[in-house]
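Contents: one structure, followed by commentary.
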Amino acid sequence: MSLDITNVVKSYRQGSEKLTILKDLNLKVETGEVVAIVGASGSGKSTFLSLVAGLDSYDSGEITINNQRLSGLTKKQMTHFRAETIGFVFQQFHLISHLTAFENLALPLQILDRQYDDQFILQELENVGLRSRAEHKPTEMSGGECQRLALARALITKPSLLLADEPSGNLDSETGQKVMSLFFAQVRKTKTTTLLVTHDLELAKMCDRKLILKQGQLCD
Ligand SMILES: Nc1ncnc2c1ncn2[C@@H]1O[C@H](COP(=O)(O)OP(=O)(O)O)[C@@H](O)[C@H]1O
Ligand SMILES: [Mg+2]
């Protein structure tokens, strides 16, 4: 796995004004490294993750994942590359509400046309303590259970890179702690390279490295 970000600039247009959010941002991440990204609200953390996920484009510079320059991909190629390479955990779980936990977990594999058997999905549910929830829909599950399911879904394709945007931000502190302890256990077990955006300095301490996003750049 390799992630290499060089001189990335990102701006938004607001009427006649140009708002530059990221200014010559650089980052290099090693395989298996778990990097915390902290920073004030509005500093551009979510914008940054959306660029790495290829969900939004940058003005200049380059993001290279596994030797693939993201700017060199068409939208369709990017969609496939993202599905193969990147897992995402959001603050708002973004589960599919009309699908069961089992179906939510199987979906990324179906999208990639990967073979799987039911036993595999059930085992992955078991790994996040949700074996008994297989037939439940997200609306029938607690916030903590939903986020554990979202974590399992993000990792089920064995992504090279996991992006997490304040994954405990929508949970009470006790539930958040439990979910994040599972998060770290799963990420370490699977040796998944991870960028974790968080407000929680205790969580940031559990990472290999902590970077602060300020004035458009990542600083130590
Ligand atoms: N689609 C957009 N259009 C215009 N401005 C945006 C857009 N998305 C984010 N911004 C602005 O970019 C800045 C950074 O936002 P964001 O990345 O969400 O910050 P953070 O996640 O660190 O709180 C904010 O000032 C926000 O208003
Ligand atoms: Mg944000």
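Looking only at the range 196-215, count every residue that is under 19 Å from Gln91 (Cα atoms), within 16 Å of ligand 2 (Cβ to nearest atom) and out of contact with any Asp or Glu (no Cβ under 9 Å at 6 or more places or on another chain) and tell me the total.
3
Can you name the strands (runs of 3 or more DSSP E) wholly within the range 116-220 that have at least 2 residues being within 16 Å of ligand 1 (Cβ to nearest atom), buried (at least 21 other Cβ atoms within 10 Å of the Cβ) and within 17 Å of the chain's Cα centre (by Cα)? It would help to see each step written out before you state the result.
Details: elements: 161-165, 193-197, 209-214, 217-219.
Because the criterion is at least 2 residues that are within 16 Å of ligand 1 (Cβ to nearest atom), buried (at least 21 other Cβ atoms within 10 Å of the Cβ) and within 17 Å of the chain's Cα centre (by Cα), the strands (runs of 3 or more DSSP E) in the range 116-220 that meet it are 161-165, 193-197.
Identify, from the list Asp4, Asp24, the residue that is acidic (Asp, Glu), touching a Gly at 6+ places or on another chain (Cβ under 9 Å) and under 15 Å from Gln217 (Cα atoms). Steps first, please.
Details: Asp4 fails: touching a Gly at 6+ places or on another chain (Cβ under 9 Å).
None of the others qualify; the one that does is Asp24.
All but one of (1) within 30 Å of Lys205 (Cβ to Cβ); (2) basic (Lys, Arg); (3) free of Cβ contacts under 8 Å to residues at least 60 places away in the same chain hold for Arg13, so report the exception by its number.
Every condition holds for Arg13 apart from (1).
Would you say Glu145 is within 16 Å of Ile96 (Cα to Cα) and more than 16 Å from ligand 2 (Cβ to nearest atom)? Working first, answer last.
On the way: within 16 Å of Ile96 (Cα to Cα): yes; more than 16 Å from ligand 2 (Cβ to nearest atom): yes.
In short, yes.
If you check Ser57, Ser46, Ser41, which single one turns out to be in contact with a strand residue (DSSP E or B) (Cβ under 9 Å, 6 or more places away or on another chain), at pLDDT 95 or above and within 16 Å of ligand 2 (Cβ to nearest atom)? Please lay out each step first, then the result.
Working: Ser57 fails: within 16 Å of ligand 2 (Cβ to nearest atom); Ser41 fails: in contact with a strand residue (DSSP E or B) (Cβ under 9 Å, 6 or more places away or on another chain).
Just one listed residue meets the conditions, Ser46.
Quick check on the range 71-86. Is at least one of its residues basic (Lys, Arg), surrounded by 16 or more Cβ atoms within 10 Å (Cβ to Cβ) and part of a helix (DSSP H, G or I)?
yes
Condition check: within 11 Å of ligand 1 (Cβ to nearest atom), assigned to a strand (DSSP E or B) and either under 16 Å from the mean Cα position of the chain (by Cα) or within 16 Å of Pro159 (Cβ to Cβ) (or both). Does Ile63 satisfy that? Explain how you work it out, then say what you get.
On the way: within 11 Å of ligand 1 (Cβ to nearest atom): no; assigned to a strand (DSSP E or B): yes; either under 16 Å from the mean Cα position of the chain (by Cα) or within 16 Å of Pro159 (Cβ to Cβ) (or both): yes.
It is false that Ile63 is within 11 Å of ligand 1 (Cβ to nearest atom), assigned to a strand (DSSP E or B) and either under 16 Å from the mean Cα position of the chain (by Cα) or within 16 Å of Pro159 (Cβ to Cβ) (or both).
Can you spot a residue in the range 68-86 that is within 13 Å of ligand 1 (Cβ to nearest atom) and either of a type in the set (S, T, N, Q) or touching a residue at least 60 places away in the same chain (Cβ under 8 Å) (or both)? Steps first, answer last, please.
First, pick out the residues of the range 68-86 that are within 13 Å of ligand 1 (Cβ to nearest atom): none.
No - not one qualifying residue is present in the range 68-86.
Which residue pairs have Cβ atoms under 8 Å apart, sit 6 or more places apart or on different chains, and have a first residue in the range 19-30 that is of a type in the set (Asp, Glu) and assigned to a strand (DSSP E or B) and a second that is modelled with pLDDT of 95 or more and surrounded by 20 or more Cβ atoms within 10 Å (Cβ to Cβ)?
Listed pairs, sorted by first residue: Asp24/Val8.
Scanning for something within 16 Å of ligand 1 (Cβ to nearest atom), within 28 Å of Ile65 (Cα to Cα) and surrounded by 21 or more Cβ atoms within 10 Å (Cβ to Cβ), does the range 89-110 turn up at least one residue?
yes
The values are calculated or read from the model by the stated rules, or taken from the named source; none is laboratory data. From a predicted model like this one, the values you see are computed outputs, not experimental measurements. So basically every Cβ, Gly included, is an ideal-geometry build from the backbone, and we count neighbours across all protein chains shown.
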